[in-house]
Each structure stands twice: as structure tokens, then as C-alpha cells.
Amino acid sequence: MSLLVGLDVGTTGAKGVLVRDDGTVVATRSSPYGLSTPRPGWTEQDPVQWWDASAAVLRVLAGATREPIAAVGLTGQMHGAVFLDDSGTVIRPALLWNDQRTARECQELESAVGAARLREITGNAALTGFQAPKILWLRNNEPWSYRRVAHVLLPKDYIRFRLTGEFATDASDASGTLLFDLTSRNWSSEIVDALEIPDSWLPRVHE
């Protein structure tokens, strides 16, 4: 009987569960981390804290059995923006799903793509929580950081990167970025081109 790990990279901590494939729970563990609010309406976290907490949880779960673990499944907070340089190093604290600093960038996005066209492609309106306005905010407000960007990931996909060395995401989370074409099931070249965001920054999308 296989052992499986579920790991959730949440807003307040990493939580893990070790289960058998019949659903029997073998062990659970959580590890908290803090939230930074450098200005009113801003919320940030250091992705390295996610990794440290996740690694601590995984060590405990792995230590709860002598049997091999077949797979790790990841979930996590959506919409956040993790900015990495070409060596995979975090450039600045991640902007979270509940960060409200990007109102101007939402207007910029709708102007570049068209509000109706944006909804047609992505299924979403331009809201401050999504990832695409966060990328525009970095370009508009921290050009020195923006110039270093080589990869943009969602929070749980940063943990995937640290575990596997791969830049990847799933279609469900990608659909919450305002960069994903629901019809083609891939990044929207129309939106990426309109916003002048390099498509090489975006991870591979899997179902």
C-alpha cells in the first residue's frame, strides 16, 4: 500500500499530512510563519520562510514511517507573485493574494488588453489580488528589481521548484493569474504581448 504526502502552502503556515492510499492518516504536521504589512493594504511574505516551514513539515512526515513515500501533492495560496532571478534566488518578498496595492495596474491592464477581452480570454476581471497586476506594479515601482526577474511563480510552485528544480504550475492555479487562456489551456500570447511581459518568465502549465 502506497504512502502519499499532501502539503499545503497556506497564508499563515505550511500544513502536511501523510496518508496511505486507502485514506488512512499516518501523521500530520504544521509549521507557522508570519505576514508582513509594510504599508496599509500591502501584504508580503518571504518565500524562503515557506520553504523552511515546508521542509520542516516534510522531515517530520518522512520520519513517521520507514516505508518509501510514493508522491507529494501540493496545494497553496493562490494569486501571489514570487519573483526569482536567473539563478532561482528570490528577488524580493512575494506579493500575496490579499495585497491591494495594484489598483492603478489593474486599470493599466484593462487599457492594454480591453476589459471585455480580458474577461473573454481569462474568465476574470482585473482585480488587485491577481498576479499579472503585481508584475506590472514591480515594473512601475521597483525597476531595479524588475530588471533582475527571470521567473515568476505562484506560491506553491516556488515550493515545487525547491523540491524538484522545475518551473511548473497547474491549469487551475494558472487561471488565477490574468495571464492564462482558458480555451487554449496555456499562457495567453495576446495578453503577455500586450503587457510586454516575457513569456520565458512563466512556468510550464500542466493539467
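Quick rundown of the values:
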{"read-out": "LEU74 part of a helix (DSSP H, G or I), open to solvent by less than 70 Å² (accessible area, probe 1.4 Å) and not basic (Lys, Arg)", "value": "no"}
{"read-out": "Condition met for ASP157 (of a type in the set (Asp, Glu), outside any strand (DSSP E or B) and in contact with a Phe, Trp or Tyr (Cβ under 8 Å, 6 or more places away or on another chain))", "value": "yes"}
{"read-out": "Enumeration of residues in the range 100-152 that are of a type outside the set (A, V, I, L, M), out of contact with any helix residue (DSSP H, G or I) (no Cβ under 8 Å at 6 or more places or on another chain), in a helix (DSSP H, G or I) and open to solvent by less than 40 Å² (accessible area, probe 1.4 Å)", "value": "GLN131"}
{"read-out": "Tally, over the range 44-63, of residues that are touching a Pro at 6+ places or on another chain (Cβ under 8 Å) and open to solvent by less than 10 Å² (accessible area, probe 1.4 Å)", "value": "4"}
{"read-out": "Conditions (1) in a loop (DSSP other than H, G, I, E, B); (2) more than 22 Å from THR75 (Cα to Cα); (3) open to solvent by 50 Å² or more (accessible area, probe 1.4 Å); number of the one not met by TRP97", "value": "(2)"}
{"read-out": "Lone unmet requirement of (1) in contact with a strand residue (DSSP E or B) (Cβ under 7 Å, 6 or more places away or on another chain); (2) under 16 Å from GLY73 (Cα atoms) for GLY23", "value": "(1)"}
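The values are calculated or read from the model by the stated rules, or taken from the named source; none is laboratory data. Keep in mind that what you see is a predicted model, and the values were worked out from it rather than measured. Note that each Cβ is placed from the backbone with ideal geometry, even for glycine, and that neighbours are counted across all protein chains shown. Ligands, DNA and RNA are excluded from the accessible area calculation, which covers all protein heavy atoms including side chains. Shrake-Rupley method; radii C 1.70, N 1.55, O 1.52, S 1.80 Å.
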